[in-house]
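Here is the structure we will look at.
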Amino acid sequence: MGIKKIRRNEKYMLKGSLKKNGFDCWRLVTNAISNVTGEEKTFFIEYYIVNPSVSPDECLLGFKNRFKKTAADLQYALAGTQSTQSVTSQTFVQPSFLMVRAGVFAENGRHVSAYYPCSQLNIGTNDFLICVGNGELKESILSDDFTQGRVKVLPEFLMENPEYLCDAGEIMWDLRFDKQIGFLPDYRGKGIHWAAFGAKTSFSGRILFNGEEFTVYPGKSFGYFDKNWGKAFVNPFFHLSSSNFTSNISGMNLSSSCFAVQGEFNKKLSVLVQVEGKKIQFHADRHRSYEVTYDFLKMPENEEDVKLHWTVSAHNKKYVIDVDIFSSVKAVYVRDFECPEGGRKVLKVLGGANGTGELRIYKKIVKNLELIEDVKIANCLCEYGNIEYPES
C-alpha cells in the first residue's frame, strides 16, 4: 500500500514565531442518529493548540484564577484595609495548551473539554496528523481519514476548575471519513489562514455521548472538516456551510454539491460553492475581484420560536451568489475559544447546525441575470462570533 499524500496545510503548522504566538485548530462536524430514539443530532470535534512553546510541560489557562498576593497582602486583607484591592487583582498570562473538545449542536447544546500540556502532542508521521497522549495509551488521534478519542469531565471536577469553559459529561468517538469536496487555494492572510479541505465529508462510525449511542451513516452524515491557524482570530467571525442540497428547480438531491462561507477577512468573506461539479469561488485574499455583503440578525419576536438570520450576497463580472439561512434561537449555543494573545480575551461563537434556507446562483448576461440553480439547504452549520475583552 502506498503512502498517502497529505496536503501540507492539513498538518501541524505551529512553527517559527507561531510556536510562541499562534494557534492551530482542526474542526470536524457530522450528523449521527441515536440507536435508542432515532433522533438525529449534529456532533463536533475540535483540536485546538495554543502557543506550544510558552509552557510545553504545563497547561496555562488564562481563565484560571491567579491573584497577585503576598503574605503581607493577606494580612492587610484580613484586617479590611485598602490593600484588599491588590488581592483581587488578576495576573494575566499568555495561554499555552492542547485542547480536545467534543459536543453536540442542539437545543441546550453541550460540550466537554480535555486539556493537555503541549509536550503530550505527537506529530510528524504518515499515520496521523496529531496524536494526544504519552506512551502506548493514546487518548485521541486525528489522521487524514479517521479520528478516535474520549473526553470526560466530572461535575465535581468542573466546579473546582471553571476555567475549562465547558460542561460536565462524557463523549467517545470512533469515526472514519472521506473528504469528497474541498476548495483550493486556501485563504492566506496576515496572521490568519483557513483551509476548507473537507467542505463535503462523508463520515461513518460510532459516537457515545453521555451513555447514549449514536451511529454515523455515510449517506446521512453531511459532514464538514476545516482548519484555522495563525496569530489571532478573525473578528467578527462568520461561518456558514452545508452539503445537504436539494434543487428547487429539478427537485433532485444534489449529491456532488456543497458550500462554505467564512470571514471576516479584511472586511471580506470567502464564499466557496460547488453545485454538481461546477465550482464558483470568491476568495477573500483576492478581494478586488468581487463584491460581497453579509448580515447576521435576530428576527422580530412575533413568534414563539425566534429565528436568527444569516445573509450573504457575492458577485463578480460573471456570477451572483445569494444565500439566506435561518436557524432557531433554541438550536444554537455559545462556545468559547481563549485567544492566543492572552489577557483573558475570548472568542465567543454562537453556533448551531440545524440551519435551513436557500442558495441561488445567477449568471450575468449583459445587463440581465439568468438563474442557474436555486437550492434548498438543510443541516447548515451557522456561526457568528466576536471577541470579548476582560473588564478593566
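The values are calculated or read from the model by the stated rules, or taken from the named source; none is laboratory data. This is a predicted model, so every value here is computed, not measured. Positions of Cβ are generated from backbone atoms using ideal geometry, with glycine treated the same way; all protein chains shown enter the neighbour counts. Each accessible area value is taken on the protein alone, full model and side chains, heavy atoms only, with ligands, DNA and RNA left out. Shrake-Rupley method; radii C 1.70, N 1.55, O 1.52, S 1.80 Å.
Under Stokes-Einstein, with the Kirkwood radius over Cα pairs standing in for Rh, what whole-number D in µm²/s applies to the chain at 25 °C and 0.890 mPa s?
110 µm²/s
Would you mind working out the magnitude of the charge dipole of the range 268-392 relative to its Cα centre, with +1 at each Lys and Arg C-beta and -1 at each Asp and Glu C-beta, to the nearest 20 Debye?
Values: 19 positive and 20 negative charges, 156 e Å.
Computed charge dipole of the range 268-392: roughly 760 debye.
Mark the label point 7 Å from the Cα of ASN65 along Cα→Cβ and return the residues of the range 140-161 whose backbone N is within less than 19 Å of it.
155-161
Which residue fluctuates most in the GNM of the chain (Cα springs below 10 Å): GLU264, GLU304, GLU58?
Residue with maximal mean-square fluctuation among GLU264, GLU304, GLU58: GLU304.
Rolling a 1.4 angstrom probe over the protein heavy atoms, how many square angstrom per residue are accessible across the range 229-350? Provide the component values of the computation, followed by the final result.
On the way: 5330 Å² over 122 residues.
Dividing the accessible area of the range 229-350 by its residue count gives 44 Å².
Please report, in debye to the nearest 20, how large the charge dipole of the chain is about its Cα centre when each Lys and Arg carries +1 at its beta carbon and each Asp and Glu carries -1 there.
Numbers: 48 positive and 46 negative charges, 359 e Å.
The calculation lands at about 1720 debye.
Placing +1 on the Cβ of each Lys and Arg and -1 on the Cβ of each Asp and Glu in the range 175-242, which of PHE203, ASN235, ILE181 has its Cα farthest towards the positive end of the resulting dipole?
Result: ASN235, furthest along the dipole toward the positive end.
Report, to the nearest whole %, how much of the accessible area of the chain belongs to carbon and sulfur atoms, 1.4 Å probe, protein only. Each step should come with its number before you reach the end.
Values: 9300 of 18560 Å².
Answer for the chain is 50 percent, counting heavy atoms of protein chains only.
What FRET efficiency would be calculated for the residue pair HIS309, GLU388, taking the C-beta separation as r and a Förster radius of 30 Å, to the nearest 0.05?
Numbers: r = 23 Å, r/R0 = 0.75.
It comes out at approximately 0.85.
Figure the gain on full extension for THR293 and ASN35 (residue separation times 0.36 nm, minus the Cα-Cα span) and round it to one decimal in nm.
Values: separation 258, 0.36 × 258 = 92.88 nm, distance 4.22 nm.
Here the answer is 88.7 nm.
Classify the range 163-315 from the C-alpha gyration tensor, please: rounded if a/c falls under 1.5, else prolate or oblate depending on whether a/b exceeds b/c. Don't jump to the answer; show the numbers that get you there.
Details: a/c = 1.34, a/b = 1.25, b/c = 1.08.
Rounded.
Test of understanding: given the chain, find the longest segment containing no trypsin sites (Lys or Arg not before Pro) that are in a DSSP loop and have at most 11 other Cβ atoms within 10 Å.
Working: sites that count: LYS4, LYS5, LYS15, LYS68, LYS190, LYS267, LYS317, LYS318, LYS367.
For trypsin sites (Lys or Arg not before Pro) (loop position, at most 11 other Cβ atoms within 10 Å), the longest site-free span of the chain is 69-189.
Which value in deg cm²/dmol, rounded to the nearest 500, describes the helix-derived mean residue ellipticity at 222 nm for the chain, given -39,500 (n - 2.57) per DSSP H run of n ≥ 4 and division by the residue count? Spell out each step's value before the answer.
Values: 3 runs with 18 residues, N = 392.
So the helix-based figure for the chain works out to -1000 deg cm²/dmol.
With a 10 Å cut-off between alpha carbons and a GNM built on the chain, which of TYR362, TYR187, TYR224 moves the most?
Maximum fluctuation in the GNM of the chain, among the listed residues, is at TYR362.
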